[in-house]
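A short worksheet on the structure shown next.
The values are calculated or read from the model by the stated rules, or taken from the named source; none is laboratory data. Just so it is clear, the structure is predicted and the values come from calculations on it, not from any experiment. Cβ placement follows ideal geometry from the backbone for every residue including glycine, while neighbour counts extend to all protein chains displayed. Ligands, DNA and RNA are excluded from the accessible area calculation, which covers all protein heavy atoms including side chains. Shrake-Rupley method; radii C 1.70, N 1.55, O 1.52, S 1.80 Å.
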Amino acid sequence: MEALGTTPGAARAAPGPGPRSWNAAAIVIALALVAPIAVVAANVFVPGGEAWAHLSATVLPDYALNSLLLVAMVAAGTSAVGVACAWLVTACEFPGRRVLEWALALPLAMPAYVIAYAYTDALQFAGPVQSALRAAFGWSAGDYWFPEVRSLGGAGAMFVAVLYPYVYLLARSAFLDQSPSLAEAGRTLGLPAWRAFLRVNLPLARPAIAAGAALACMETLADFGTVSYFGVQTFTTGIFRAWLSMGEPVSAAKLSVILLAFVAALLAAERLARRRARFHDAPSSRKRVRVPLSGGAAAAALATCLAPLAIGFAIPAAILARLAWGGGDEQFGERFALLAANSFTVSAITAAIAVALAVVMAYGARISRGRLAAGVNRLALLGYAVPGAVIAIGVLIPAAKLDNLLGDAAASLFGVSTGLLLTGSLAALVYAYLIRFLAVALQSVEAGLSRITPAMEDAARSLGLGPAATLARVHLPMMRSSLVTAALLVFVDVMKELPATFVMRPFNFDTLAVQAYNLAADERLAEASTASLAIVAVGLVPLVIAARRMVRPERPPGQPG
């Protein structure tokens, strides 16, 4: 007998896995991603000895202070730049807006360590900028002040220049999904446009902005190339120094745990700031109307959007092109086609798997509404702030043990040698990438899900749809832009990743990042510029395609895009 007040479809059990199955899948995925980090962190319980005592007494305070200052600068800078550009291209109409709407994502293709090399070459004492100033004004050394690019402030500026698209892409997606009637309601109450933005649109976009800023901060904490080249002592440089230079894995593990505590505090602060607030709004069928700008206002909007694009992409690309034209790598040719193909392959595979896993984890936590799934999802985010080399060791230790067990079993049972099946394999490398970059996809997917009202799920259940059917027919179409953003961010991040690739790549499987690193480490910057430009060029192809795809025709907010 059917339940009273229900439709015939709703009375039948919906096929497919239920909420418990989704919850279990999310937990299993999260635990699998956290396991290698736990392998490394377990060393924290081993006595540190004299090396750890020396580090904690001498350089640990500097590591903490510099890391905190960098995070503060990057959070403030990326939020300000990303939100300003996202709002201008979403709410205003001015010359060049359609191009800037997708071009503002281009700095994502520029690795932070590459932009650091480029600006150091241009701004150092013997570089073209200071040389031109001395020639123009007749100055000598000591006659003028010039900002030192290789400094803490310089490192913060480099990170903001290449990481602001995290906030821009997520904030723009959030602004597009907001109903135009919200801001109009604020203006009918006497609020000017800028105050309506601050009091209505900005608070509604806070989950997306916070997610983008958190990703930028975690990327900053995990960076090694930029801070090492600029001589800024952070937790990451300390980990590499303790591990590779001092041969102290226990001290490196202890520093890694402190770094994880920094990230956990960052994520907890973002969650605490939201508390129980809800950020979805009611769908609207009204078409968005942008405010037309002209004269000085249009010029100011154009300059605001052009400045970060020039600093984060156009200028360093021009510097690298000049270096490559003047020297460049003599081996450029067939080998670079292979390196580009290798980089593209691992990036595409990782991006596809990361988005699929992120959907399962985020949706499982949403429909189960349990603290366990949400908690392990938060743990999975910590991998983004762990240096790639640390993750690589965490993967290699159990992989080597499993290879030995399989080899011994094959030898005893079949009398054959299996060799190393997992260690140094492409699967192990992709696994390390997922640990490192799944946070990028998960943050983007969660931000997209948070803007979908739970009433959609209630309506789907009333029609007899199970969780899987609801996800496929309701949620995924509505959050398509968030999924594209997630895949884009993961792809470009893997393309630029260096430490884990350097340690875990299969035999004779080099990438563009490894080639650029090998040359730059030998101070052959002109030759490294060729590989660096190749990284940017290969990353630009999917970046431009995906960014232009996100610039879709206007649709009513809340409708599938």
Debye intensity ratio in log₁₀ form over the Cα atoms of the range 60-119, taken at each q of 0.16 Å⁻¹
-0.72
Counting only heavy atoms of the protein chains, get the accessible area per residue of the range 421-547 (1.4 Å probe) and round it to a whole Å² value.
33
In terms of modelled amide H atoms, which long-range or inter-chain residues lie less than 5 Å from the amide H of Glu93?
Val291, Leu293
What is the list of residues in the range 252-270 whose amide nitrogen lies under 16 Å from a point 7 angstrom out from the Cα of Ala72, following Cα to Cβ?
266
Collect residues whose amide H, placed 1.01 Å from N in the peptide plane, falls under 5 Å from the amide H of Leu463; neighbours closer than 5 in sequence don't count.
none
Residue separation between Val257 and Arg524 times 0.36 nm, minus their alpha-carbon distance, gives in nm 92.6 nm
Between Ala35 and Leu133, how high is the FRET efficiency from 1/(1 + (r/R0)^6) when r is the Cβ-Cβ distance and R₀ = 56 Å? Nearest 0.05.
0.55
In the range 429-522, the chymotrypsin sites (Phe, Trp or Tyr not before Pro) that sit in a DSSP loop and have at most 16 other Cβ atoms within 10 Å of their own Cβ are Phe507
